[in-house]
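Reading through the structure tokens given below for one structure.
The values are calculated or read from the model by the stated rules, or taken from the named source; none is laboratory data. These figures come from a predicted structure and were not determined experimentally. When we count neighbours, we look across all protein chains shown, and the Cβ atoms used for this are built from the backbone with ideal geometry, even at glycine. Heads up: the accessible areas ignore ligands, DNA and RNA and are worked out on the full protein's heavy atoms, side chains in. Shrake-Rupley method; radii C 1.70, N 1.55, O 1.52, S 1.80 Å.
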Amino acid sequence: MFLLKNITILKNNIALKNRKGKMVKSNYERIIEKISKASGLEKSEIERRVDSKREKLSGLISKDGAAQVVASELGISFENEKLKIDELLPGMRKVNTIGKVITIFPIRSFKTKKGEESKVVNLWIADETANIKVVLWDTNLIELIERGKIAEGTVVQISNASMRENELHLGSFSEIKPSSEVLGEVKTEKVIRKKNIGDFKIGDNASSRAFILQVFEPRFFHVCPECNKKVTQEGEAFLCGQHGKVIPQKRAVSSLVLDDGTESIRAVLFHEALLKLGFSQLEDAGKFAEEKESFLGKEMIFTGNVRNNTYFNTPEFIIEDIKEAPEDEIIAELEGK
């Protein structure tokens, strides 16, 4: 009871800090900053207008969406403005940006709902601020890649694209072409943003400080020792699609429930992440139960990718890294320093 009471107190304090925007910089806060800069209005006035707009619509619109409506009412449009990659926000349309192609994935063919053959290709572009996944749906745009006009290392200019979640999508009305602009050092590493769990969106690479509310027993599977991919068992033999018959390695996967005061989420931890969290007795159910008690109610910093669980159709957090939350930082924020 003492543990749950203290978790509740800390969660409430953290939720208060999050609502005041002191802990993390969300997409919403970035939109507010851009509107404030363009309009000359104080951020507090813009937020008041956003809250008023949401109240009129009975909360049926997100804060991000309401902010976009407020921007439109103020005569502010981000359309046709050339933006840096870290300025791109979910929901933006008619996006213009420039970046260097750092990765091109194989072109995939598929059939449309009408049964027609079509293609799609994914690539990543980067500038000095960030990098982003770009999805090309138009065959005329894809032809530029097929003909070698656009390749890895090419600086491209993108026009009239749309942001879907955290991806930049180009359709038949969009344009991508080689640019003569010179880009120096670009950010090729994965960009991680500090976010509230309540602000998580599918595709986010995010870091969040949260409490561990539940820990579930691990499940086990076997992987190939060469490529680390899951293997299939046929009788007593284990087969890898790439390396054939192998002597497999046993791996664990478990899940947690995390909560940061804004929302809770199911988090998935594979073998290495479980060891990084601090578990050492994964295959001993009794000892695992003893170890997990020391983690319940603990606050840590979790970094990973937000994906959609297709079975439950809900977001889940695939954990890649875990760190201790600095005690002095926590105390300072809870005391409002």
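Computing FRET efficiency as 1/(1 + (r/R0)^6) for I61 and E81, where r is the C-beta to C-beta distance and R0 is 22 Å, gives about 0.40. Karplus-derived 3J(HN,Hα) values for segment 155-167, using 6.51 cos²θ - 1.76 cosθ + 1.60 with θ = phi - 60°, are 7, 10, 10, 10, 10, 6, 9, 10, 8, 10, 6, 10, 10 Hz; glycine and proline are entered as x.
Our compactness index for segment 28-181, the C-alpha radius of gyration over the empirical 2.2 N^0.38 Å, is 1.19. Of all beta bridges that DSSP places with both ends in the chain, some 85 percent have antiparallel geometry. Applying the Karplus relation 6.51 cos²θ - 1.76 cosθ + 1.60 with θ = phi - 60° to segment 276-281 yields 3J(HN,Hα) values of 5, 5, x, 6, 10, 10 Hz, where x marks Gly and Pro. Cut-off under 21 Å on the C-alpha distance; same-chain residues fewer than 8 positions from K229 excluded. Which lysines are left, in chain and number order? Of all the lysines, those that pass the test against K229 - Cα under 21 Å, at least 8 places apart if same chain - are K245, K250, K276.
Leaving ligands, DNA and RNA out of it, report the carbon-plus-sulfur percent of the accessible area of segment 195-285 at a 1.4 Å probe. The nonpolar share, carbon plus sulfur, comes to 46 percent.
Of the chymotrypsin sites (Phe, Trp or Tyr not before Pro) found in segment 229-337, those that fall in a DSSP loop while having at most 12 other beta-carbon atoms within 10 Å are Y311, F312.
Working note: Karplus 6.51/-1.76/1.60 with θ = phi - 60° gives segment 216-228 the couplings 9, 4, x, 10, 10, 8, 10, 10, 6, x, 8, 10, 6 Hz, where Gly and Pro are set to x. Segment 194-248 gives an Rg/Rh value of 1.23, both radii derived from C-alpha positions and Rh following Kirkwood. Positive-end ranking of A151, I104, S172 along the dipole of the chain, with charges on Cβ about the Cα centre, is headed by S172.
Hey, which of these cross-link pairs are over 27 Å Cα-Cα: K195/K230; K133/K194; K84/K194; K84/K149; K94/K190? Violating the 27 Å Cα-Cα cut-off are K195/K230. Peptides 61-72, 167-178 ordered by packing proxy, namely the average of other Cβ atoms within 10 Å per residue, highest first: 61-72, 167-178.
Remark: the chain carries a charge dipole of roughly 760 debye about the Cα centre, counting +1 on each Lys and Arg Cβ and -1 on each Asp and Glu Cβ.
Between rounded, prolate and oblate, where does the chain land on the alpha carbon gyration tensor, with a ≥ b ≥ c its root eigenvalues, rounded for a/c under 1.5, else prolate if a/b exceeds b/c? Oblate. Applying 1/(1 + (r/R0)^6) with R0 = 41 Å to the Cβ-Cβ distance of S44 and A289 gives a FRET efficiency near 0.25. Sites listed here are GluC sites (Glu not before Pro) in segment 92-155 whose DSSP assignment is loop and whose Cβ has at most 14 other Cβ atoms within 10 Å: E116, E128, E152. Accessible area per residue for segment 119-273 is 51 Å², calculated with a 1.4 Å probe on protein heavy atoms, without ligands, DNA or RNA.
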